[in-house]
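Engineer: Quick one: the structure is below, questions incoming.
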(Lines give C-alpha, C1' and ligand atoms only; values in the text may rest on other atoms or scores of the structure.)
Protein backbone atom coordinates (compact mmCIF):
# COMPACT_ATOMS: atom_id res chain seq x y z
CA UNK A 1 0.00 0.00 0.00
CA UNK A 2 1.32 3.43 -0.94
CA UNK A 3 2.30 5.84 1.81
CA UNK A 4 0.12 8.87 2.59
CA UNK A 5 1.04 11.79 0.38
CA UNK A 6 -0.79 14.52 2.27
CA UNK A 7 -2.16 15.22 5.72
CA UNK A 8 -5.24 17.41 6.21
CA UNK A 9 -6.45 18.91 9.47
CA UNK A 10 -10.11 19.11 8.41
CA UNK A 11 -11.35 17.22 5.36
CA UNK A 12 -14.84 17.87 3.97
CA UNK A 13 -16.35 15.22 1.71
CA UNK A 14 -19.08 16.64 -0.51
CA UNK A 15 -20.21 20.11 -1.40
CA UNK A 16 -23.69 21.66 -1.52
CA UNK A 17 -25.04 23.97 1.20
CA UNK A 18 -23.78 21.73 4.02
CA UNK A 19 -20.27 21.21 2.69
CA UNK A 20 -19.67 24.78 1.61
CA UNK A 21 -21.03 26.21 4.87
CA UNK A 22 -18.85 23.81 6.87
CA UNK A 23 -15.90 24.99 4.77
CA UNK A 24 -16.66 28.67 5.44
CA UNK A 25 -16.76 28.14 9.19
CA UNK A 26 -13.78 25.77 9.26
CA UNK A 27 -11.67 28.14 7.19
CA UNK A 28 -12.54 31.11 9.39
CA UNK A 29 -11.48 28.99 12.38
CA UNK A 30 -8.10 28.44 10.67
CA UNK A 31 -8.65 24.68 10.29
CA UNK A 32 -7.29 24.86 6.73
CA UNK A 33 -10.14 22.77 5.29
CA UNK A 34 -9.80 20.76 2.11
CA UNK A 35 -13.14 20.09 0.38
CA UNK A 36 -13.69 17.34 -2.17
CA UNK A 37 -16.65 18.51 -4.23
CA UNK A 38 -17.56 15.06 -5.51
CA UNK A 39 -19.33 13.93 -8.65
CA UNK A 40 -21.89 16.74 -8.49
CA UNK A 41 -20.21 19.92 -7.24
CA UNK A 42 -22.80 22.05 -5.50
CA UNK A 43 -25.14 19.13 -4.87
CA UNK A 44 -28.79 18.89 -5.84
CA UNK A 45 -29.25 22.64 -5.99
CA UNK A 46 -27.21 22.74 -9.18
CA UNK A 47 -30.13 20.90 -10.79
CA UNK A 48 -32.68 23.36 -9.40
CA UNK A 49 -33.92 26.43 -11.24
CA UNK A 50 -35.47 29.11 -9.02
CA UNK A 51 -34.77 29.10 -5.28
CA UNK A 52 -37.15 31.47 -3.50
CA UNK A 53 -37.18 30.16 0.06
CA UNK A 54 -33.56 30.75 1.10
CA UNK A 55 -33.16 33.83 3.34
CA UNK A 56 -31.16 36.70 1.91
CA UNK A 57 -32.36 36.40 -1.68
CA UNK A 58 -35.54 38.52 -1.74
CA UNK A 59 -35.88 38.25 -5.50
CA UNK A 60 -34.98 34.56 -5.56
CA UNK A 61 -31.91 33.04 -7.21
CA UNK A 62 -31.09 30.23 -9.58
CA UNK A 63 -29.82 27.13 -7.81
CA UNK A 64 -26.50 26.91 -9.72
CA UNK A 65 -25.77 30.60 -9.06
CA UNK A 66 -26.53 30.19 -5.38
CA UNK A 67 -24.06 27.31 -5.13
CA UNK A 68 -21.48 29.36 -7.01
CA UNK A 69 -21.93 32.11 -4.40
CA UNK A 70 -21.40 29.54 -1.63
CA UNK A 71 -18.29 28.22 -3.38
CA UNK A 72 -16.80 31.68 -3.81
CA UNK A 73 -17.34 32.46 -0.15
CA UNK A 74 -15.67 29.22 0.95
CA UNK A 75 -12.80 29.92 -1.45
CA UNK A 76 -12.43 33.49 -0.19
CA UNK A 77 -11.56 32.27 3.31
CA UNK A 78 -8.97 29.81 2.04
CA UNK A 79 -10.75 26.52 1.54
CA UNK A 80 -8.98 24.22 -0.89
CA UNK A 81 -11.74 22.99 -3.21
CA UNK A 82 -10.89 19.94 -5.28
CA UNK A 83 -13.05 18.64 -8.10
CA UNK A 84 -12.52 14.95 -7.65
CA UNK A 85 -14.27 12.21 -5.74
CA UNK A 86 -13.58 10.29 -2.54
CA UNK A 87 -13.82 6.56 -3.28
CA UNK A 88 -12.86 4.86 -0.02
CA UNK A 89 -12.39 5.68 3.65
CA UNK A 90 -10.90 3.99 6.70
CA UNK A 91 -12.00 5.48 10.00
CA UNK A 92 -10.65 2.65 12.15
CA UNK A 93 -7.54 4.55 13.17
CA UNK A 94 -6.27 8.07 13.74
CA UNK A 95 -5.60 9.96 11.64
CA UNK A 96 -8.41 8.82 9.34
CA UNK A 97 -7.45 7.56 5.88
CA UNK A 98 -9.21 8.66 2.71
CA UNK A 99 -8.65 7.63 -0.91
CA UNK A 100 -9.68 9.64 -3.97
CA UNK A 101 -10.41 8.69 -7.57
CA UNK A 102 -7.00 10.12 -8.43
CA UNK A 103 -5.60 7.16 -6.48
CA UNK A 104 -4.36 9.58 -3.88
CA UNK A 105 -4.22 8.64 -0.21
CA UNK A 106 -4.77 11.33 2.41
CA UNK A 107 -4.88 11.33 6.17
CA UNK A 108 -7.12 13.67 8.16
CA UNK A 109 -7.60 14.57 11.81
CA UNK A 110 -11.28 15.51 11.39
CA UNK A 111 -13.69 14.55 8.61
CA UNK A 112 -16.99 16.24 7.82
CA UNK A 113 -19.31 14.18 5.59
CA UNK A 114 -21.75 16.21 3.49
CA UNK A 115 -22.37 13.92 0.53
CA UNK A 116 -26.12 14.57 0.51
CA UNK A 117 -28.91 12.40 -0.84
CA UNK A 118 -30.26 11.86 -4.32
CA UNK A 119 -33.92 11.74 -5.27
CA UNK A 120 -35.21 8.48 -6.69
CA UNK A 121 -36.69 8.83 -10.16
CA UNK A 122 -38.91 6.78 -12.43
CA UNK A 123 -36.28 6.64 -15.15
CA UNK A 124 -38.26 8.31 -17.94
CA UNK A 125 -36.45 10.29 -20.63
CA UNK A 126 -39.06 13.04 -20.35
CA UNK A 127 -38.45 13.17 -16.60
CA UNK A 128 -34.85 14.26 -17.22
CA UNK A 129 -35.72 16.52 -20.12
CA UNK A 130 -38.36 18.46 -18.19
CA UNK A 131 -36.56 18.58 -14.86
CA UNK A 132 -36.88 22.12 -13.52
CA UNK A 133 -39.57 22.85 -16.10
CA UNK A 134 -42.42 21.23 -14.23
CA UNK A 135 -40.70 18.09 -12.97
CA UNK A 136 -39.60 18.21 -9.33
CA UNK A 137 -38.77 15.99 -6.39
CA UNK A 138 -39.54 18.57 -3.69
CA UNK A 139 -42.98 20.06 -3.13
CA UNK A 140 -41.79 22.37 -0.36
CA UNK A 141 -39.08 23.73 -2.67
CA UNK A 142 -41.14 24.16 -5.82
CA UNK A 143 -44.84 23.97 -4.92
CA UNK A 144 -45.25 27.74 -4.79
CA UNK A 145 -44.65 27.98 -8.55
CA UNK A 146 -47.82 25.95 -9.18
CA UNK A 147 -50.23 28.01 -7.13
CA UNK A 148 -53.73 27.66 -8.58
CA UNK A 149 -52.62 24.99 -11.08
CA UNK A 150 -53.16 21.26 -11.43
CA UNK A 151 -50.30 18.94 -10.48
CA UNK A 152 -49.60 15.24 -10.11
CA UNK A 153 -47.75 13.44 -7.30
CA UNK A 154 -46.14 10.03 -7.88
CA UNK A 155 -45.88 7.69 -4.91
CA UNK A 156 -47.81 5.81 -2.25
CA UNK A 157 -45.84 6.27 0.96
CA UNK A 158 -45.80 8.90 3.69
CA UNK A 159 -43.60 11.20 1.62
CA UNK A 160 -46.05 11.17 -1.28
CA UNK A 161 -49.00 11.73 1.06
CA UNK A 162 -47.22 14.64 2.74
CA UNK A 163 -46.30 16.20 -0.61
CA UNK A 164 -49.85 15.80 -1.91
CA UNK A 165 -51.47 17.40 1.14
CA UNK A 166 -48.90 20.21 1.10
CA UNK A 167 -49.53 20.93 -2.58
CA UNK A 168 -53.30 20.78 -2.07
CA UNK A 169 -53.08 23.94 0.04
CA UNK A 170 -51.98 26.00 -2.96
CA UNK A 171 -52.82 24.02 -6.09
CA UNK A 172 -56.24 23.81 -7.71
CA UNK A 173 -56.10 20.04 -8.11
CA UNK A 174 -53.67 17.31 -7.02
CA UNK A 175 -53.68 13.96 -8.79
CA UNK A 176 -51.98 11.23 -6.78
CA UNK A 177 -50.85 8.21 -8.80
CA UNK A 178 -50.66 4.92 -6.89
CA UNK A 179 -49.45 1.83 -8.75
CA UNK A 180 -51.39 -0.65 -6.61
CA UNK A 181 -54.85 -0.73 -5.06
CA UNK A 182 -53.50 0.37 -1.68
CA UNK A 183 -51.09 2.92 -0.23
CA UNK A 184 -48.01 2.21 1.89
CA UNK A 185 -48.48 5.44 3.83
CA UNK A 186 -49.39 5.35 7.52
CA UNK A 187 -53.09 5.30 8.31
CA UNK A 188 -53.13 8.87 9.57
CA UNK A 189 -51.52 10.14 6.37
CA UNK A 190 -53.97 8.17 4.23
CA UNK A 191 -56.85 9.71 6.15
CA UNK A 192 -55.47 13.20 5.53
CA UNK A 193 -55.29 12.50 1.82
CA UNK A 194 -58.81 11.13 1.73
CA UNK A 195 -60.19 14.11 3.65
CA UNK A 196 -58.60 16.66 1.33
CA UNK A 197 -61.26 17.51 -1.27
CA UNK A 198 -58.94 18.62 -4.07
CA UNK A 199 -56.80 15.46 -4.02
CA UNK A 200 -57.84 12.67 -6.37
CA UNK A 201 -56.15 9.29 -5.89
CA UNK A 202 -55.77 7.23 -9.06
CA UNK A 203 -55.45 3.61 -7.97
CA UNK A 204 -53.65 0.95 -10.04
CA UNK A 205 -52.12 3.71 -12.11
CA UNK A 206 -48.57 4.11 -13.42
CA UNK A 207 -46.85 6.82 -15.42
CA UNK A 208 -46.19 6.11 -19.09
CA UNK A 209 -44.75 9.49 -20.10
CA UNK A 210 -44.66 13.20 -19.27
CA UNK A 211 -45.96 15.35 -22.10
CA UNK A 212 -44.68 18.78 -23.02
CA UNK A 213 -41.85 20.42 -24.93
CA UNK A 214 -40.59 23.36 -22.87
CA UNK A 215 -42.79 22.72 -19.83
CA UNK A 216 -44.96 19.97 -18.40
CA UNK A 217 -48.37 19.99 -20.07
CA UNK A 218 -49.83 16.59 -19.14
CA UNK A 219 -48.98 13.14 -17.84
CA UNK A 220 -49.86 9.97 -19.74
CA UNK A 221 -50.91 7.19 -17.39
CA UNK A 222 -51.90 3.56 -17.70
CA UNK A 223 -54.24 1.50 -15.56
CA UNK A 224 -52.23 -1.52 -14.43
CA UNK A 225 -55.36 -3.71 -14.37
CA UNK A 226 -57.15 -2.79 -17.59
CA UNK A 227 -54.21 -1.42 -19.58
CA UNK A 228 -56.27 1.63 -20.51
CA UNK A 229 -54.29 4.86 -21.05
CA UNK A 230 -55.32 8.46 -20.58
CA UNK A 231 -53.70 11.91 -20.51
CA UNK A 232 -54.17 14.08 -17.43
CA UNK A 233 -53.50 17.80 -18.04
CA UNK A 234 -51.13 19.12 -15.34
CA UNK A 235 -48.48 21.81 -14.97
CA UNK A 236 -46.39 20.10 -12.30
CA UNK A 237 -45.05 16.55 -11.94
CA UNK A 238 -43.79 15.75 -8.43
CA UNK A 239 -41.91 12.50 -7.88
CA UNK A 240 -42.18 11.38 -4.25
CA UNK A 241 -40.84 7.84 -4.21
CA UNK A 242 -38.04 8.58 -1.76
CA UNK A 243 -34.42 9.65 -1.60
CA UNK A 244 -31.23 7.63 -1.51
CA UNK A 245 -28.49 8.98 0.78
CA UNK A 246 -25.06 8.98 -0.82
CA UNK A 247 -23.46 6.79 1.82
CA UNK A 248 -22.22 3.69 -0.01
CA UNK A 249 -18.54 4.27 0.77
CA UNK A 250 -19.32 4.56 4.50
CA UNK A 251 -21.29 1.31 4.86
CA UNK A 252 -18.58 -0.60 6.68
CA UNK A 253 -17.43 2.44 8.65
CA UNK A 254 -20.39 4.23 10.20
CA UNK A 255 -23.82 3.29 11.62
CA UNK A 256 -26.83 4.07 9.45
CA UNK A 257 -30.57 3.86 9.83
CA UNK A 258 -32.68 1.38 7.87
CA UNK A 259 -32.70 3.70 4.85
CA UNK A 260 -28.96 4.31 4.76
CA UNK A 261 -28.84 7.74 6.39
CA UNK A 262 -25.89 8.36 8.70
CA UNK A 263 -26.76 8.41 12.39
CA UNK A 264 -25.62 11.38 14.47
CA UNK A 265 -25.78 11.83 18.23
CA UNK A 266 -28.55 13.94 19.69
CA UNK A 267 -28.62 17.50 18.41
CA UNK A 268 -25.00 17.35 17.28
CA UNK A 269 -23.28 16.26 14.07
CA UNK A 270 -21.07 13.72 15.86
CA UNK A 271 -21.12 10.17 14.48
CA UNK A 272 -20.02 7.22 16.63
CA UNK A 273 -16.45 7.67 15.38
CA UNK A 274 -14.65 10.49 17.23
CA UNK A 275 -13.58 13.14 14.77
CA UNK A 276 -16.09 12.16 12.07
CA UNK A 277 -19.10 14.42 11.61
CA UNK A 278 -22.11 14.33 9.27
CA UNK A 279 -24.08 17.31 7.98
CA UNK A 280 -26.91 17.98 5.56
CA UNK A 281 -29.17 15.55 3.75
CA UNK A 282 -26.77 12.64 4.28
CA UNK A 283 -28.10 12.50 7.86
CA UNK A 284 -31.44 14.30 7.48
CA UNK A 285 -34.38 12.49 5.88
CA UNK A 286 -36.99 14.80 7.41
CA UNK A 287 -36.36 18.41 6.37
CA UNK A 288 -34.08 18.16 3.31
CA UNK A 289 -33.91 21.92 2.74
CA UNK A 290 -30.96 24.06 1.67
CA UNK A 291 -31.26 26.23 4.77
CA UNK A 292 -31.30 23.28 7.19
CA UNK A 293 -28.38 21.68 5.35
CA UNK A 294 -26.39 24.91 5.62
CA UNK A 295 -27.24 25.14 9.32
CA UNK A 296 -25.99 21.63 10.00
CA UNK A 297 -22.84 22.41 8.01
CA UNK A 298 -22.17 25.24 10.43
CA UNK A 299 -22.77 22.87 13.34
CA UNK A 300 -20.38 20.29 11.90
CA UNK A 301 -17.58 22.82 11.56
CA UNK A 302 -18.10 24.06 15.13
CA UNK A 303 -18.23 20.47 16.41
CA UNK A 304 -15.04 19.64 14.50
CA UNK A 305 -13.25 22.75 15.77
CA UNK A 306 -14.10 21.94 19.40
CA UNK A 307 -13.16 18.28 19.01
CA UNK A 308 -9.80 19.15 17.42
CA UNK A 309 -9.09 21.62 20.24
CA UNK A 310 -9.92 18.98 22.86
CA UNK A 311 -7.52 16.58 21.17
CA UNK A 312 -4.78 19.19 21.02
CA UNK A 313 -4.93 19.12 17.22
CA UNK A 314 -6.00 22.74 16.70
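The values are calculated or read from the model by the stated rules, or taken from the named source; none is laboratory data. It should be emphasised that the depicted structure is a prediction, and the values quoted were computed from it without experimental measurement. No Cβ is skipped: glycine too gets one built from the backbone with ideal geometry, and neighbour counts run over all protein chains shown.
Engineer: Test residue 156 against the criterion of being assigned to a loop (DSSP other than H, G, I, E, B), buried (at least 17 other Cβ atoms within 10 Å of the Cβ) and either free of Cβ contacts under 8 Å to residues at least 24 places away in the same chain or not assigned by TED's automatic domain parsing to the domain that holds residue 301 (or both), and give yes or no.
Structural biologist: Considered against the rule, which asks whether it is assigned to a loop (DSSP other than H, G, I, E, B), buried (at least 17 other Cβ atoms within 10 Å of the Cβ) and either free of Cβ contacts under 8 Å to residues at least 24 places away in the same chain or not assigned by TED's automatic domain parsing to the domain that holds residue 301 (or both), residue 156 comes out as yes.
Quick grid of which residues meet (1) farther than 30 Å from residue 8 by Cα; (2) in contact with a helix residue (DSSP H, G or I) (Cβ under 6 Å, 6 or more places away or on another chain); (3) modelled with pLDDT of 95 or more:
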| position | (1), (2), (3) |
| --- | --- |
| 194 | yes, no, yes |
| 224 | yes, no, yes |
| 236 | yes, yes, yes |
| 243 | yes, no, no |
| 250 | no, no, yes |
| 262 | no, yes, yes |
| 283 | no, no, yes |
| 286 | yes, no, no |
| 293 | no, yes, yes |
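Engineer: In the stretch 131-153, what count of residues is obtained for those that are within 19 Å of residue 177 (Cα to Cα), part of a loop (DSSP other than H, G, I, E, B) and either outside the structural domain of residue 201 (by TED's automatic domain parsing) or more than 19 Å from the chain's Cα centre (by Cα) (or both)?
Structural biologist: Total meeting the criteria: 1.
Engineer: In the stretch 168-218, how many residues are in contact with a strand residue (DSSP E or B) (Cβ under 7 Å, 6 or more places away or on another chain) and exposed (fewer than 12 other Cβ atoms within 10 Å of the Cβ)?
Structural biologist: The number of residues fulfilling the criteria is 0.
Engineer: Okay, moving on. If we keep just the residues of the stretch 284-314 that are touching a strand residue (DSSP E or B) at 6+ places or on another chain (Cβ under 6 Å) and touching a residue at least 60 places away in the same chain (Cβ under 8 Å), which is nearest to residue 53 (Cα to Cα)?
Structural biologist: Applying the filter and picking the extreme gives 300.
Engineer: Also, quick follow-up: Which one is farthest from residue 171 (Cα to Cα) among residues in the stretch 235-253 that are touching a residue at least 24 places away in the same chain (Cβ under 8 Å) and over 19 Å from the mean Cα position of the chain (by Cα)? It would help to see each step written out before you state the result.
Structural biologist: Let us first name the residues in the stretch 235-253 that are touching a residue at least 24 places away in the same chain (Cβ under 8 Å), namely 235-247, 249-250, 253.
Those left that are additionally over 19 Å from the mean Cα position of the chain (by Cα): 235-236, 253.
Values: 235: 10, 236: 10, 253: 44 Å.
Residue satisfying both the conditions and the ranking: 253.
Engineer: Tell me, which residue of the stretch 50-76 that is touching a helix residue (DSSP H, G or I) at 6+ places or on another chain (Cβ under 6 Å) and over 25 Å from residue 137 (Cβ atoms) is surrounded by the most Cβ atoms within 10 Å (Cβ to Cβ)?
Structural biologist: 74
Engineer: Any residue in the stretch 77-85 that is buried (at least 17 other Cβ atoms within 10 Å of the Cβ), more than 29 Å from residue 313 (Cα to Cα) and in the same structural domain as residue 289 (by TED's automatic domain parsing)?
Structural biologist: Within the stretch 77-85, not a single residue is buried (at least 17 other Cβ atoms within 10 Å of the Cβ), more than 29 Å from residue 313 (Cα to Cα) and in the same structural domain as residue 289 (by TED's automatic domain parsing).
Engineer: In addition: What number of residues in the stretch 86-117 are surrounded by 16 or more Cβ atoms within 10 Å (Cβ to Cβ) and in contact with a strand residue (DSSP E or B) (Cβ under 7 Å, 6 or more places away or on another chain)?
Structural biologist: 21
Engineer: On to the next question. Those residues that are over 13 Å from the mean Cα position of the chain (by Cα) and crowded, with 16+ Cβ neighbours inside 10 Å, I need them from the stretch 269-290; list them, please. Please lay out each step first, then the result.
Structural biologist: Filtering the stretch 269-290 for residues over 13 Å from the mean Cα position of the chain (by Cα) gives 269-278.
Answer for the stretch 269-290, where residues must be over 13 Å from the mean Cα position of the chain (by Cα) and crowded, with 16+ Cβ neighbours inside 10 Å: 269, 270, 271, 273, 275, 276, 277, 278.
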